[in-house]
1. Hey, among the residues in region B:395-417 that are facing chain A (nearest Cβ under 9 Å) and more than 39 Å from the chain's Cα centre (by Cα), which one's nearest to A:ALA53 (Cα to Cα)?
2. List every residue pair whose Cβ atoms sit under 8 Å apart, with the two residues 6 or more apart in sequence or on different chains, where the first one lies in region C:30-56 and is more than 10 Å from chain B (Cβ to nearest Cβ) and the second, anywhere, is assigned to a helix (DSSP H, G or I) and open to solvent by 20 Å² or more (accessible area, probe 1.4 Å).
3. Check off (1) open to solvent by 30 Å² or more (accessible area, probe 1.4 Å); (2) within 7 Å of chain B (Cβ to nearest Cβ); (3) at pLDDT 95 or above for A:ARG222 and give me the number that stays unchecked.
4. Filter region A:1-13 for residues that are in a loop (DSSP other than H, G, I, E, B) and crowded, with 24+ Cβ neighbours inside 10 Å; which is nearest to the other protein chains (Cβ to nearest Cβ)?
5. For region C:93-209, which strands (runs of 3 or more DSSP E) that fit wholly inside it have 3 or more residues that are more than 8 Å from chain B (Cβ to nearest Cβ), of a type outside the set (S, T, N, Q) and out of contact with any Pro (no Cβ under 7 Å at 6 or more places or on another chain)?
6. May I ask you to list the residues in region C:186-203 that are out of contact with any Leu (no Cβ under 9 Å at 6 or more places or on another chain), in contact (Cβ under 8 Å) with a residue 24 or more places away in the chain and not aliphatic (A, V, I, L, M)?
7. Consider C:SER108 against the criteria (1) surrounded by 13 or more Cβ atoms within 10 Å (Cβ to Cβ); (2) over 19 Å from C:LEU129 (Cβ atoms): it satisfies all of them except one. Which criterion is unmet?
8. Quick test for you: out of B:ASP277, B:ASP355, pick the one residue that is in contact with a Lys or Arg (Cβ under 7 Å, 6 or more places away or on another chain) and either closer than 28 Å to B:ASP65 by Cα or touching a residue at least 60 places away in the same chain (Cβ under 8 Å) (or both).
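The values are calculated or read from the model by the stated rules, or taken from the named source; none is laboratory data. No experiment lies behind these values; they were computed from the predicted model shown. In this analysis, Cβ positions are derived from the backbone assuming ideal geometry, glycine residues included, and neighbour counts consider all displayed protein chains. Accessible surface areas use protein heavy atoms only, side chains included; no ligands, DNA or RNA. Shrake-Rupley method; radii C 1.70, N 1.55, O 1.52, S 1.80 Å.
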Amino acid sequence: MRIGFFVTCLVDAVRPRIGFASIQLLEAAGCTVEVPAAQTCCGQPGFNSGDRASGTRLAQVFLEQFESFDAVVAPSGSCVAMIRDYPGLFADQPALAERLQRLVSRTHELLDFLTHHAPQPLPAGALPLRATYHDSCSGLRNLGIKHQPRQLLATCDGVDLCEMRDAEICCGFGGSFSVKLGEIATRMADNKCNHALATQPDAILGGDLGCLLNIEGRLRRRGDQRTQVLHVAEVLAAGQLAASGELPAPGQFVGMPVTTKD
Amino acid sequence: MDATSHSFKRNVHARLGDEALQANLRRFGGGFADRRRDAVGRVDDFEALRDRASEIRAEVLTHLDHWLLAFEAEATRRGTAVHWAETGAEANQILLGIARAAGVQRVIKSKSMVSEESGLNAVLGAAGIEVTETDLGEYILQLADEPPSHIIAPAIHKSRDEVSALFAEHHGTPLTRDIPALCEEARQHLRPRFLQADMGVSGGNFLIAETGSVAIVTNEGNGRMVTTLPRVHVAITGIEKVLPTLDDLSAILRVLPRSATGQDITNYVSVLTGTRDAGADDGPEQNHVILVDNGRSRLLGGALHDALRCIRCGACMNHCPVYQNIGGHAYGWVYPGPIGAILTPAFLGLEKALDLPQASTLCAACEVVCPVRIPLPELMRTLREQEMEQGLRPWHERLSIRLWRWLALHPALYAVATRWGIRVLRWLAGKDGQVHRLPGLDGWTEGRDMPAPQGSTFRDQWRTQLAAREAQGKARAAATPVAMAAAGAARSKAP
Amino acid sequence: MSTARDRILARVRSGLGTRAGEVPDRPVRSPAPLARPVHDRVTDFRQRAESLQSTVDHVDEMDAVPLAVARYLAGLPPVTNGMVVWPELAALDWAGAGLAVEARSALSADQVGITGVCCAIAETGTLLLDSGPGHSATASLLPETHIAVVPVAVILERMEEAFAQVLARRGELPRAVNFISGPSRTADIEQTIVIGAHGPRRVHIVLVG
């Protein structure tokens, strides 16, 4: 299965290792992965700010970049939810809407793809990690992503997933909301941190980097330098490596920002 | 009602800093969502009930003129006087006219959000007519001289101690922390008012076209008192509240209380038609309905049309994480929460409530519970589009979105811009890998750090690795960056 | 001169693109789905009424109602003020059960209101009381205790049937059709449910038959 990997802006810029982890997992699940070089953004930041053209114009770029693949995978529920909305933006151009519909129906969020659409299941992983999972809104409510991360994490031996209270309540990211109404966003992030930390996790996990940055940003501001905030893909990929004996020794890697102050 | 929706951010700042309010929101906020979940859990197929309710409401709106006239004809035939008001102010004048003609001195009211829109109480008060709110929450707020902060639990922002202090001040009774005792005090205090009133003013949850009836839904029984005891009853309600038939009412009532309070059925549903029955010894001698437009008709057929399906259950605010943190008053007008973020700009004008459509993460928690399937996030996004199109957003915001879109349509430039962005962020970041202050994005960095990028972009790194893979013919080059996560995780386990 | 009514209707029509006199075509629908299936009308009614904090008794025939009412009232603080009853129930032997009832509408000081019902609804455990001569609406509203006499034959499955029955019986709706589902309540202070807001504190149902 030939996959076009849509890395998403935030992963591309801020945390590339989520992209590498995703590709490692996709390959382990039997896919051939390509990364179209001219990809940019799904258009959501502009679209949700009231700029409809951000959606329509970038939908066409997406179509050009990805139409030739068997499937498209992105490590973000929010970007995939935006992409799933593309056909509806072209009610006046049925032919284009139809082409987009065919493409978006084979465009999947990473964890959903690995659970339901990949050629083969992931091999079991192993990683000692006490974690709690935040259900990101778009993935949960627009794409039905709920059991997928939990099922995948359950295949990783040693991952101890403790559910937090109000896991399904928004963390306050909301794209431009997090800047325009930062005071509310901060309060919502605070609530999320409180509920997450109550499970005493090593790591707070999620499937959308926007939420993860929001949660991590609040945690660090509160002075928590210990709790990691990771994408589920990072954990699964690390688990795969560890299971195959390739886990490097602790301390060998400099540059884990969250632990440099230990 | 005077709106403060234009100063939303200031309102929010004040509410987030109000410790007493925050404590109340935390303590009482979540109950509705839990009770709704339990009520839905007792139903075989709640989605089918939502489907039916949504169909009915959507269908009525497509021929609202017909159903309003059908209602008017039948209500008139049954002896109800039907009045039409274009604005809230007009509705107030109509009601005042009815009161004066009937020599009314004392009015008792059950809950009516439309009368909050129109500021009815102040107008009656100025005309020398005594008005008493009888819904317990509304009564508390009348004593406190505050507007409701929730459409079905108007005083949810008040604690028992605040209520007790108000009662002590107005009734001259000792303070108590006993909630049943406070309710009893209100009962004793309000009972004589019910008996002495000349006019009852109620809202109207629904108007039934088939029978010319007004349907009123309450738990306390005050709605029944208001519509049974005084010699004049006036229902004041929005033009969108009409339902074609009693069967439609039955279907809607399967979702309304479950969505609102998590009850299978509200205590009292009263379907009221015309005046006192011949030979009966209770019921009003005069019955009036005031149909209020106040901005509603403008929405029909337009982008916000679906918002008029609303049956005022409050589920959207009960499930809204923004509402749950700031409370209803911050929204600055009658309707708070997601539906308020749509209705306030729609009724008052977008320029009077610019921040309201932005006051949502579009998390869709409201949409998945709305009993009539109003696409609330979509409507908020539509209003954001209108703000953009009408030039109502700040120039720098419009410019930066255009610039961003232009870049995103030019992949090579977007890549360059991303590289530069990364450099700036890494340069700004402290030794801990966090940006503590980001000029231009203070909204973020006032309360949160911004985790700095890890290095070069994924696509730049990928290009390098792809070359390496091709050189080595080996597919494991991606291992290193991923392993960092594992290493970090392993380290954090160490004592 | 155009009126507010004309202007509102004109705006409605211009928004919707409808014309005056246009009659919508409503699709014929199957009956709305029930929220909860009704297996046995009497059992389900009883169970659901009790879940709404109504209390329920069951007697075989109308003549047994006064004694059942007396039995229920014996468990409450003594009735010192009035006990009113709908006239259609006045002929029962209340005196024989030791109860002094008056067939009139209720005043605020009355303590017990005894009513019949038009019908009852099994889906939700709800009573339907219609207004009209002899059917004082205040009897189920002002006294602290409302006692409703419900022949099991009038328990219907759903609200739609109840409306149909009222219309069939009377040709049109009476002034008030009151659906009552348990004693009055409020949760307006701290979301704490308190029974007995403005209306009755107790609803007792005597099933008959």
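1. Once the filter is applied, the top-ranked residue is B:HIS410.
2. C:ARG41/C:VAL152; C:VAL42/C:VAL152; C:THR55/C:TYR72; C:VAL56/C:ARG46; C:VAL56/C:GLU50
3. All conditions pass for A:ARG222, except number (2).
4. Per the stated criteria, the residue is A:VAL7.
5. Because the criterion is at least 3 residues that are more than 8 Å from chain B (Cβ to nearest Cβ), of a type outside the set (S, T, N, Q) and out of contact with any Pro (no Cβ under 7 Å at 6 or more places or on another chain), the strands (runs of 3 or more DSSP E) in region C:93-209 that meet it are C:119-121, C:126-130, C:145-151, C:202-208.
6. Hits for region C:186-203 are C:GLY196, C:ARG201.
7. Of everything listed in (1) surrounded by 13 or more Cβ atoms within 10 Å (Cβ to Cβ); (2) over 19 Å from C:LEU129 (Cβ atoms), C:SER108 misses just condition (2).
8. B:ASP355
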